Amino acid sequence: VLLPLIDRMGDAKDQVREQAQNLILKLMSEAAPPMYIWERLAVGFKHKNYRSREGVCLCLVATLNIYGAQPLILSKLVPHLCIAFGDSNSQVRDAAILAIVEVYRHVGEKVRIDLTKRGIPPGR
C-alpha cells in the first residue's frame, strides 16, 4: 500500500497529495508503528517524481509534529535528508531543510554534529 501512496504524493492535484499523506499518518496510528512505516517510506526520498520526494519530506515533518522523535530512529532518515539537500528541484531542497529543522527542534545539537560529519557546511 505504501508504494502507491508515495506515487500519489507526487500527483498534480494538491488534494490527492494531502489525502495520501493523511492516509500514511493514519496507518501509523492504526496499523503499524511510525518507524515500521518509515522503513518502507524511505524509498520515496529517491522517487523519480520531485513532488513525491517533496511529499516524503513533508510527511516526515508531519510525523514528527504528531508523534515526536521517540518512535523514530532519526539516524536512519537524516542521511536521506542530506541527499535531498542537493536535489535538482528547489521545492525538494526546501522541504528537506524544513524537515531537518524539525528534526533539530526535536533532537537538538546531536543533529548539527551529525550533519557536520556528513560534510554539510555549518552555515547551512
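For Lys110, the lysines whose Cα falls under 17 Å of its own Cα, not counting residues fewer than eight places away in the same chain, are Lys76. Of all aspartates and glutamates in the structure, those lying under 19 Å Cα to Cα from Lys46, and not within fewer than 8 positions of it along the same chain, are Asp7, Asp11, Glu54, Asp87, Asp94.
Solvent-accessible surface of protein heavy atoms, probed at 1.4 angstrom with all chains present, puts Asp94, Asp11 in the order Asp94, Asp11, largest first. Would you mind counting up the charge near Asn89? Only other residues with Cβ under 12 Å from its Cβ, with Lys and Arg at +1 and Asp and Glu at -1. With Lys, Arg at +1 and Asp, Glu at -1, the net is +1. Computed on the chain, with alpha-carbon pairs under 8 angstrom and 6+ residues apart, the relative contact order is 22 percent.
Just going by the charge dipole of the chain, with Lys and Arg at +1 and Asp and Glu at -1 on Cβ, which of Leu115, Ala12, Gly55 is farthest out on the positive end? It is Leu115, whose Cα lies furthest towards the positive end. When you filter the trypsin sites (Lys or Arg not before Pro) in the stretch 24-89 for DSSP loop state and at most 11 other Cβ atoms inside 10 Å of their Cβ, you are left with Lys48.
Just the protein heavy atoms count here, and of the accessible area of the chain at 1.4 Å, carbon and sulfur take up 55 percent.
Taking 7 Å steps out from each Cα toward its Cβ at Tyr104 and Gln91 produces label points 2.4 nm apart. For semi-axes √(5λ) of the Cα gyration tensor in Å, computed directly from the structure shown, the correct entry in (i) 23, 17, 11; (ii) 20, 17, 13; (iii) 42, 33, 19 is (i). Remark: relative contact order (the stretch 1-59) = 43 percent; criterion is Cα-Cα distance under 8 angstrom and separation of 6 or more residues. A simple charge model with +1 on the Cβ of Lys and Arg, -1 on the Cβ of Asp and Glu and nothing else charged puts the dipole of the chain at about 320 debye relative to its Cα centre. Between Ile73 and Ala12, the simple label model (points 7 Å from Cα in the Cβ direction) yields a spacing of 4.0 nm. Solvent-accessible surface of the chain, averaged per residue with a 1.4 angstrom probe and all protein chains in place: 56 square angstrom.
The values are calculated or read from the model by the stated rules, or taken from the named source; none is laboratory data. Only a predicted model underlies this, so the values are computations on that prediction, with no experimental measurement involved. Note: ideal-geometry Cβ built from the backbone for every residue, glycine included; neighbour counts use all protein chains shown. We work out accessible area using only protein heavy atoms, side chains counted, and drop any ligands, DNA or RNA first. Shrake-Rupley method; radii C 1.70, N 1.55, O 1.52, S 1.80 Å.
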